[in-house]
1. Can you tell me how many residues in segment 46-67 are over 13 Å from residue 94 (Cβ atoms) and β-branched (Val, Ile, Thr)?
2. Just checking, does segment 118-131 include any residue being over 23 Å from residue 204 (Cβ atoms), buried (at least 24 other Cβ atoms within 10 Å of the Cβ) and touching a helix residue (DSSP H, G or I) at 6+ places or on another chain (Cβ under 7 Å)?
3. Mind checking which pairs have a first residue in segment 82-99 that is in a loop (DSSP other than H, G, I, E, B) and a second that is surrounded by 22 or more Cβ atoms within 10 Å (Cβ to Cβ) and of a type in the set (Asp, Glu), Cβ under 8 Å, 6 or more apart or different chains?
4. If I filter segment 223-251 down to residues being surrounded by fewer than 21 Cβ atoms within 10 Å (Cβ to Cβ) and in contact with a Lys or Arg (Cβ under 8 Å, 6 or more places away or on another chain), which single residue comes out as farthest from residue 183 (Cα to Cα)?
5. From (1) within 20 Å of residue 65 (Cβ to Cβ); (2) modelled with pLDDT under 95, pick out the condition that doesn't hold for residue 260.
6. Need pairs with beta-carbon distance below 9 Å; first residue without any contact (Cβ under 8 Å) to a residue 12 or more places away in the chain and within segment 172-188, second surrounded by fewer than 24 Cβ atoms within 10 Å (Cβ to Cβ) and not acidic (Asp, Glu); sequence gap 6+ or separate chains.
7. Only one residue in 78, 86 is over 16 Å from the mean Cα position of the chain (by Cα), of a type outside the set (A, V, I, L, M) and at pLDDT 95 or above. Which one?
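The values are calculated or read from the model by the stated rules, or taken from the named source; none is laboratory data. Not measured: the values here are computed from a predicted model. Don't worry about glycine lacking a Cβ; one is built from the backbone with ideal geometry, like all the others, and counts go over all protein chains shown.
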Amino acid sequence: MFKGSLLAGVLLCCAVYSIAQDSPAEVSVQQDVVYGVQGREKLLLDIYLPAEPSTKARPAVVLIHGGAWSSLDKGTMRNMAAFLARFGFVAVSVNYRLLHGSENLWPAQLDDVQRAVRWLRSNSAKYNVDASHIGAFGHSAGAQLAALLGMEDTRDNSDAALAKYSSRVQAVVDVSGPVDFPAYHYDDRDGGLVNLFGGEYDKIPQVWRDASPVSHVAKSNAPFLIVHGKSDDAVPIAQAQELRSKLQKAGVPVSFIKLEGGHTFETPEARLRLATETLTFFNQYLVVSP
């Protein structure tokens with residue numbers, strides 16, 4: 001799968017976000033806030049708030065971790081979340097249900113991150129969030145989920161308490177994200193995607209297509225920043241190029257940045273570029289001028 005194991009590639013994702021802490025303000029963190037319950041599992045998120053008070057509602061960013069939809073957690077986003085909060089964003093790093101054997105098959109993960117966005121909107125007054133200016137940032141599997149947040153309306157809207165809140169975000173940063181799953185169906189050597197989707201592509205092709213962001217490109221999509229490593233051997237850069245091309249043809253604002261490195265970016269220069277480009281992008285699309 002993904003020219004080797006995506007899981008093996010993303011185990012280093014914590015290192016991607018070792019960003020220099022030279023930003024202008026401190027941050028307060030509320031950890032393990034419950035945003036939903038599925039069965040016996042509590043869905044948790046961490047909220048990073050700028051320490052400086054503001055009379056104006058702040059834009060927010062939901063951060064989604066990688067891990068092949070089956071490992072890691074919200075803690076891998078802590079440095080990027082703190083970085084964004086230091087520059088005035090409310091940053092929310094979320095857990096979602098992970099694939100365990102035949103439990104939590106797709107689209108459980110999408111349902112959870114959509115719920116997180118709607119929960120944030122429903123609690124926008126409490127956290128001083130501008131509910132109309134929310135972005136999503138994701139790495140690897142998290143980038144696929146972030147992309148769909150900028151493309152798709154709520155899939156499961158059965159919770160009456162959240163029914164009036166949209167799960168769509170207004171800007172997406174896709175870092176090293178897989179976006180075209182049918183392209184992988186002959187190379188799913190470890191069976192990770194077959195397990196995730198509950199069957200082989202030839203038997204349930206629509207499920208594989210529906211999970212692919214390239215299948216949902218439309219003019220109504222949120223603006224995208226796509227960041228990908230030139231030598232990524234877990235998710236080929238051709239995936240990013242395909243998404244960029246389709247977004248451009250649909251008239252969606254999209255920026256594409258190729259960085260030195262593989263699935264994760266080990267050099268300080270690449271990490272700094274990722275951080276600064278992300279901040280610039282979210283400032284452009286989420287920050288409302290006075």
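1. Going through segment 46-67 one residue at a time, the tally reaches 1.
2. No, that holds for no residue.
3. Sorted first by the residue in segment 82-99, then by its partner, the pairs are 95/112; 96/112; 97/112.
4. Only one residue tops the list, namely 251.
5. (1)
6. That search, which allows pairs on different chains as well, returns 186/201.
7. Values: 78 fails: over 16 Å from the mean Cα position of the chain (by Cα).
Result of the check over 78, 86: 86.
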